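Quick notes on the structure that follows.
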Amino acid sequence: MALFDLKTLNSALEELQQERGISRESVIDALATALAAAYRREYGKRGQIIRATMNPETGDVEFRQAKIVVDKTLVRGPEEAEEEDSSRRSEAEADHRSRFNPEQHIMIEDARRIKRDAVLDEEISFPLESKEDFGRIAAQAAKQVIMQKVREAERASIISEYGQREGEIITGHVQRFERGNLYVDLGRATAILPYDEQIPGERYRQGERVRALLLRVDEGVRGTFIRLSRSHPHFLTKLFETEVPEMASHVVEVKGIVREPGSRAKIAVFSNDDHVDPVGALVGQRGVRVAVVTSELGGEKIDVVEWSANPGDFVKEALKPAQVLGIELNEDDNRAVVHVAEDQQSLAIGRGGQNVRLAARLTGWKIDIRGVGGEQVATDTGETKAAVQPTSVEDVGGQPASAEGFGEARESAFDETKKEMGDDNEAADTGEGNIDPALQDRDVENEKVEEQQEEVATDKEKDAE
């Protein structure tokens, strides 16, 4: 019974094999299975085993019913089933044999009448009559099978191509937005960048180019999903590998990395070569390399620190750019007490505690920041007095000096200078004669006229005498 146009069938099989990579044999087997299921659903009985055989050369399909050869050791006969009373049987005496079904089973005695060498568990098939109106049903079943095979082939292709690239950076273009999730077109497949894997504050436009980390490939009931991430710490590592040849060659290794996406990140690096500076390798000349990575992350600040096997040194490095004066380690509580100058305390803690929080996550130590103020020194007599105040506005601890103390210091310095100069009349002079008249807000021109008039009057008086 020819159910398909042979020319159309062969053309479809060739197209699937070339474009989708689906073999002809797999499609033909799937079509036969689908046709058998459709025939059983439309014309078969419950429990029947229907087999279909398809000839790709002629397009003919043959349907047969299969029965399994059994005996009384495998199934219970009709008489035994009627006499059985399961409520009176104990659990030890329960019969685990299946019930005989004439649509599925054939006793070995009857099977040997048809086939002399029949054995147990063998399938014996019987031809079934063909149906004239089965062509439409067969076409619908074939369409469903081909679509299913195409989806399975695409899924297998996606898994084989992208499953091996997990942990790498891939590039795509923004396709659409849906409930905060970003769908990225990768060419042969569509990936999803979930909302919680995006960098906060970033905005995307349709068609815009996007680089992200291929986090994993999930295979679900609805298909295969490629999950991307831009907030994962490994994304930062991969970005540095593309910019730093020393990392790609494994001369410089990343020992730890922590991020608060979109805000700040800390990365601890170590060099296997004594002649290579790990921090300088990542920063680059004039900060070019780290600037490229920062630009890709939307301006996220990156602190590159050098990893050390010494916990104290590592904690000091992790707190950069703050300068540490001293550190106390308590290994029992895994706690580090860090002493910094008071003007460095806010820098060590960071805005909202961000710097010390990232340092604690990077090192694995609980970090306490303590500021160190103005110290006290002991005199020779054993008494304790305050350290000499500097002449700057801020004292040693970074706190503003008092205005009274600062004024007293200036007066004492003036007195000492006066003593060195001695008692001189010029020192007692107010100095008003040396002051610029313009600074005294005086009318210089009028004063000169008045002086000339006075001189003329004096001369006249002398002539009169």
For this session: Provide the gained length on full extension for the span residue 253 to residue 335, in nm with one decimal, where the gain is 0.36 nm per separating residue minus the Cα-Cα distance.
Result: 26.9 nm
Problem set entry | Distance between modelled label sites at residue 110 and residue 159, nm, 7 Å Cα→Cβ extension | 4.2
Problem set entry | Estimated distance in nm for a label pair at residue 7 and residue 168, the labels positioned 7 Å out from Cα along Cα-to-Cβ | 4.5
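Values in this text are rule-based calculations from the coordinates and carry no lab data. Everything quoted here is computed from the prediction, not taken from an experiment. Glycine also receives a Cβ, built like all others from the backbone with ideal geometry; neighbour counts cover every protein chain displayed.
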